[in-house]
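In what follows, a single structure is set out as structure tokens and then discussed.
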Amino acid sequence: MTNFTSDSQEAILRRKILGVKIRHARMRAGLSLKEVGEELGVSGGLMSDIEFGRRDVSLPYLEVLALLFNVPVIYFLSDIPLEEPKRDFPTRQALALRHRIIGVLLRQARIEGGRSQEELADLLGVSAGRISSYEFGKTEIPLQELETLADYLDVSLSYFLDQGLAPKQNGGGSAASLDEVSQFTRFPKDVRQFLSNPANLLYINIAMSLSDLSADTLRSLAEGLLEVTY
């Protein structure tokens, strides 16, 4: 971080705008200047200078601040507004979708393993109808039963977790590169706003998860959803 005594009016204005963005994101996250400074290994006074545009800040610091404040780093680098978090997180829809996806994966593992619903039912001591209900996402599968089925079908529990809704991590982290930031700015405004809204992370993760599934699994998932819907 650099302290500037003289600079162009444009550079001063840009630092002040960036400082306002940082202060807004910090206050939104409920963190004090001292707390942020302790995380970064700097003083609260230096953080105050940054927020008032008296000091410059590097990209790595912005990336770390984005993680601390739970905002996309692109927020600091563009004119995309930071929307307030929404409280209506679609938990029920997420649960329903995950039950259906896990059911499809269970059915795929059973068919590939050459096992019948009756064999799985005997293993768990339940009816074949209950196994069918599991596979179509109509009934949630208790974790202990899922672990038993995974072991019986010779797949690991991660077989089901890998198709989950958690954000994917590559290598050492998930921070966007400069090229990715540049590509992001080429998206239409409405797309950028959708991707930048943390409330939409669920839908983005679902799309990423579905893109990793095989064509056969997607076909089975579509068939299962249709049977559940109609």
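The values are calculated or read from the model by the stated rules, or taken from the named source; none is laboratory data. The model shown is predicted, which means the values in this text are computed figures rather than measured ones. Positions of Cβ are generated from backbone atoms using ideal geometry, with glycine treated the same way; all protein chains shown enter the neighbour counts.
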Those helices (runs of 4 or more DSSP H) lying entirely in the range 82-188 with at least 2 residues modelled with pLDDT of 70 or more: 91-112, 117-124, 128-135, 143-152, 158-161
Residues (assigned to a helix (DSSP H, G or I), of a type in the set (Asp, Glu) and in contact (Cβ under 8 Å) with a residue 12 or more places away in the chain) located in the range 17-70: GLU39, ASP49, GLU51, GLU63
Residues of the range 134-164 satisfying the condition of being crowded, with 18+ Cβ neighbours inside 10 Å and among the hydroxyl-bearing types (Ser, Thr, Tyr): TYR134
